[in-house]
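Working notes, structure below.
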Amino acid sequence: MASTNRNLNLETALEDARAAYVAAHPVSQEYFEAAKSVMPGGNTRTVLHYGPYPFTVVKGEGARIHDADGHDYADFLGEYTAGLYGHNDPVITATVQEALKGGVTLGGPNLVEAKLARLMCERFPAVERLRFTNSGTEANILALGAARAFTGRTDILVVDRSYHGGVLTFTGDSPLNVPFPIHRMDYNDAEAAAAKISSLGDKLAAVLVEPMIGAGGGIPADHGFLQTLRDATRKTDAMLIFDEVMTSRLTRGGLQDHHGISPDLASFGKYLGGGLTFGAFGGRVDIMDHFDPARAGSWGHAGTFNNNILTMTAGYTGLSKVYTPEVADAFFARGNQFREALKDSVSKLDLPVQITGLGSMMVFHFADKAPTAPLDPASIPNQLLELLHLDMIARGQFYARRGMINISLPTTDAELDAFRAAFTETLETHSPLIREAVSEE
Ligand SMILES: Cc1ncc(COP(=O)(O)O)c(C=O)c1O
């Protein structure tokens, strides 16, 4: 299904790549068209949409997925980091199947929830107490709500162009966002952030930040930036919240542990549910204990599926039996090694391509310099990203169109090598177009 790119200019190369994709995915196209009559644009998760239309996934096995058209792909999307365990980890699958037999909507505290909560409290240093939710978005909303209730203040400071969930999207002004009074700062600009926190003074309830920007480009925070946020929020008694929905997988104790910086609250999600719907937030006991229902004036937080037995079981099994601290350490090293190898191969092409990230999460950028903050969307060469993405799909390699690559645990060394070879060849094929498109920026 490889396209025969004419490569004359970006438009014709893209036309060829799109035509090859459409020719190779007729069944997916039918599913896509049929879905349009009941879901807007045939879609229920904006990030899963890409042109000409996304292929329909029918099955996952290990670190591979299969589409409705009979193609097989190495899965480097890794469900935007939630797919850490791959598609059917045998240990997790077995315990979930066992749990199914005992009933799934039990309507009471179960045997597993406190075990998972305990493990997470042990793993993530800032977490003394924790509560579960159903998504990372919900975890962030509740962490922000808790910070506002605890401080008696209103305002929130976030990173410009950051993403913390479907209703906490800070690229542009989403009309769907929760209506908190929001202020923005630039990522990795410690001095400006300290000045902003100080000027917001006793209006500021919380600073919400990812210790590595995930969706916005796999951009690690400087240690000094995070330390400045910690020091500045302490001075004004604002809460510091680390969103570790993505980054907690990077090391045994997340990036809070890696940096040795303790936020007041932290939010979690994705892989920690062992592949099932998950979210959690937690932190200082004096804040979290306000959720104790026996306490006078406690903060209520219900949620029908907060402790659902399948997620609790999958999450606990994953963290206790599969992604142990030792495995997390080794996987961090393996991800770093792969990223360095990828960078090395790409650097030989002498192209304006940068690869950023940490451990098993990385993002490539068409730029002359590695970004230190999320890029202005207007400066992103979307056509180049599309061309690369479609050509890599044609080579049986799948990752996020915006350039995000996540490794999952079952990925073999041979699959890593194959990805690196395909990626380097695809870049090489289009090198004149890449140089031209990036120099026009
Ligand atoms: C940093 C970050 N926070 C929060 C979320 C939202 O999590 P969920 O999709 O589970 O609502 C995401 C999802 O991609 C995320 O990347």
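Nothing in this text is a laboratory measurement; each read-out follows from the coordinates by a stated rule. The shown structure was predicted, so the numbers you read here are calculated from the model rather than taken from an experiment. Cβ: placed from backbone, ideal geometry, glycine included. Neighbour counts: every protein chain shown.
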In cubic angstrom per residue, the convex hull of the stretch 91-322 built on its Cα atoms measures 117 Å³
Note to self: C-alpha centroids of the stretch 172-211 and the stretch 102-143 sit apart, in Å, by 27 Å
Note, the stretch 234-245: 3J(HN,Hα) by Karplus (6.51, -1.76, 1.60, θ = phi - 60°), whole Hz, Gly/Pro = x, goes 4, 5, 9, 6, 8, 7, 9, 10, 8, 8, 10, 4
Under the rule rounded for a/c under 1.5, else prolate if a/b exceeds b/c, else oblate, using alpha carbon gyration tensor axes a ≥ b ≥ c, the stretch 75-140 is classed as oblate
Highest mean packing first, using Cβ neighbours within 10 angstrom, the peptides 249-256, 70-77, 296-303, 273-280 sort as 273-280, 249-256, 70-77, 296-303
Note to self, the chain gives a 222 nm [θ] from helices alone (DSSP H runs n ≥ 4, -39500 (n - 2.57) apiece, / all residues, nearest 500) of -12000 deg cm²/dmol
Answer in debye to the nearest 20: the dipole magnitude of the stretch 153-295 about its Cα centre, from +1 Lys/Arg and -1 Asp/Glu charges placed on Cβ, is 200 debye
Expected sort for 111-120, 374-383 on mean C-beta neighbours within 10 Å, highest first, is 111-120, 374-383
As straight-line cross-link partners of residue 321, the qualifying aspartates and glutamates (C-alpha separation under 12 Å, not fewer than 8 residues apart within one chain) are 89
Given pairs 196/270; 59/270; 348/369 and cut-off 23 Å on Cα-Cα distance, the over-length ones are 196/270
Over the stretch 379-441, the quotient of the Cα radius of gyration and 2.2 N^0.38 Å is 1.19
Tilt, helix 26-35 to longest principal axis of the chain (alpha-carbon atoms), in degrees rounded to tens, equals 40 degrees
Shape call for the stretch 13-53, from the Cα gyration tensor axes a ≥ b ≥ c (a/c under 1.5 means rounded, otherwise prolate when a/b beats b/c, else oblate), comes out oblate
So, with points 7 Å from each Cα along the Cβ direction, the residue 154-residue 341 label distance in nm works out to 5.4 nm
Note, the stretch 130-147: 3J(HN,Hα) by Karplus (6.51, -1.76, 1.60, θ = phi - 60°), whole Hz, Gly/Pro = x, goes 8, 10, 9, 10, 10, 7, x, 4, 5, 4, 5, 4, 6, 5, 5, x, 5, 5
One can check that the equivalent ellipsoid of the chain, built from the alpha-carbon gyration tensor with semi-axes equal to the square roots of five times its eigenvalues, has lengths in Å, largest first, of 36, 27, 20
Taking a ≥ b ≥ c as the square roots of the Cα gyration tensor eigenvalues, with a/c under 1.5 meaning rounded and otherwise prolate when a/b beats b/c or oblate if not, the stretch 236-334 comes out oblate
Given 10 °C, 1.306 mPa s and a Kirkwood radius over Cα pairs, the Stokes-Einstein diffusion coefficient of the stretch 143-228 in µm²/s is 119 µm²/s
Contact order relative to length for the chain, counting C-alpha pairs under 8 Å separated by 6 or more residues, stands in percent at 21 percent
Long-range alpha-carbon pairs in the stretch 38-110, meaning those over 17 Å apart, account in percent for 61 percent
